[in-house]
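Everything below concerns the one structure shown next.
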Amino acid sequence: MRTPELVLLGGPHSGKTHYAGQLYGRVRRRPGLLRLQADRGTPSNLSALEEVLRCLEEGRAAEHTSADTWAEVLLPLADKHGNAMDLRWPDYGGEQLRQVFEQRAVPEAWRSRLTQAEGWVLLIRLKSETTYSDALSELTKRLEPRNDTTERAAHWDANAYWVELLQLLLHVAGVGQIARHRRPRLAVLLSCYDEFATADSGQVWAPPRQSLANHLPLVSSFIESNWASDALTIWGLSALGRPLVRNGAEETFIDEGPENQGWVIPPEGGPPEPDLSRPLAWLVGVR
Ligand SMILES: Nc1nc2c(ncn2[C@@H]2O[C@H](COP(=O)(O)OP(=O)(O)O)[C@@H](O)[C@H]2O)c(=O)[nH]1
Ligand SMILES: [Mg+2]
């Protein structure tokens, strides 16, 4: 049996927990390329995922779960040919990723996971990424000194942040910079896509890589020039399909079930698709 390891990379509030919960609901109740094989006897603690799904069934957003509960979540899955695999799904607090960036240091446990992982899942929530696209043109226009420079200096432009972080992680994982990367395979999921982009009439979406290129051009060109094209995929992800609040009771979730909410936009664009497992299936080579 295969035991592919994926590393989930995403900042705080990028949607990692809700994606995990929705993925669990899908593979269990409405399987696509991957389905849950809970009776296989794999010792896996699914209580964190159950808890997220339970909140969603009540139409509200999940609580913040502690990092410990998540550390060893293991999904016993099978593809449609019956090939079994145990997918490790560690959901580190997004804060830890920030720390790696700020301290320029990677804990040993992370280093070995980054090195061993078959694929990296990078969650980027475009709406909350800060860029300063006007800064350069303003430099040439303004004669008066700005008074908000200190505030700007305190925040990295998201382009610089992600490129720097990726370089750091690649270095730590021992991935050379000379040839384009084939391993780790990289899936970029533009999360909470419902709040960022809209479809053309008839629900046809543009390829998500265009959104990445428009919003974070430096990240987009770094990724596209460093990964081999068959080792890279860029998706739009809306795990929930809409915003949810902690104390809410969203009726569509209650009436139709969470497994009927949420969608992905495949790399080539087009209509939304319900199979949230597709980007992961791609990473582990299931077609
Ligand atoms: N609009 C929208 N909001 C989402 C979606 N997924 C998660 N959220 C919201 O984004 C916030 C952060 O999500 P969470 O999964 O806890 O992020 P994490 O910190 O990366 O684990 C929560 O308030 C969620 O309700 C989505 O697909 N669409
Ligand atoms: Mg979380």
The stretch 173-287: helices (runs of 4 or more DSSP H) wholly inside it with 2 or more residues that are among the hydrophobic types (A, V, I, L, M, F, W, C) are 208-215, 217-226, 251-256, 278-283
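Which residues, taken from the stretch 10-31, are more than 16 Å from ligand 1 (Cβ to nearest atom) and either crowded, with 17+ Cβ neighbours inside 10 Å or outside any loop (DSSP other than H, G, I, E, B) (or both)?
Across the stretch 10-31, the qualifying residues are V27, R28, R29, P31.
Residues checked against (1) surrounded by fewer than 21 Cβ atoms within 10 Å (Cβ to Cβ); (2) out of contact with any Lys or Arg (no Cβ under 8 Å at 6 or more places or on another chain); (3) modelled with pLDDT under 95; (4) among the basic types (K, R):
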site	(1), (2), (3), (4)
L189	no, yes, no, no
L216	no, yes, no, no
G241	yes, yes, no, no
G257	yes, no, no, no
P271	yes, yes, yes, no
G285	yes, yes, yes, no
Subset of the stretch 32-48, residues within 27 Å of A109 (Cα to Cα), among the small types (G, A, S) and more than 16 Å from ligand 1 (Cβ to nearest atom), comes to G41, S44, S47
Single residue of the stretch 97-114 satisfying the filter (assigned to a helix (DSSP H, G or I) and touching a helix residue (DSSP H, G or I) at 6+ places or on another chain (Cβ under 8 Å)) that is surrounded by the most Cβ atoms within 10 Å (Cβ to Cβ):
L114
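One line per residue, one yes/no per condition, for (1) farther than 19 Å from L276 by Cβ; (2) without any contact (Cβ under 8 Å) to a residue 40 or more places away in the chain:
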position	(1), (2)
R182	yes, no
C192	no, no
P208	no, no
A213	yes, yes
P217	yes, no
I234	no, no
L240	no, no
L244	no, no
P258	no, no
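Okay, residues lined up against (1) touching a Phe, Trp or Tyr at 6+ places or on another chain (Cβ under 6 Å); (2) of a type in the set (A, V, I, L, M):
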site: L166; (1), (2): no, yes
site: L169; (1), (2): no, yes
site: S211; (1), (2): no, no
site: H215; (1), (2): no, no
site: V219; (1), (2): yes, yes
site: V245; (1), (2): no, yes
site: N260; (1), (2): no, no
Run W120 past the list (1) in a strand (DSSP E or B); (2) away from ligand 1 (no atom under 16 Å from the Cβ) and report the number of the one that doesn't hold.
(2)
Residue that is nearest to ligand 2 (Cβ to nearest atom) [pool: residues in the stretch 43-64 that are of a type in the set (S, T, N, Q) and either crowded, with 16+ Cβ neighbours inside 10 Å or assigned to a helix (DSSP H, G or I) (or both)]:
S47
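The values are calculated or read from the model by the stated rules, or taken from the named source; none is laboratory data. As the structure is a computational prediction, the values presented were derived from the model and not from experiment. Don't worry about glycine lacking a Cβ; one is built from the backbone with ideal geometry, like all the others, and counts go over all protein chains shown.
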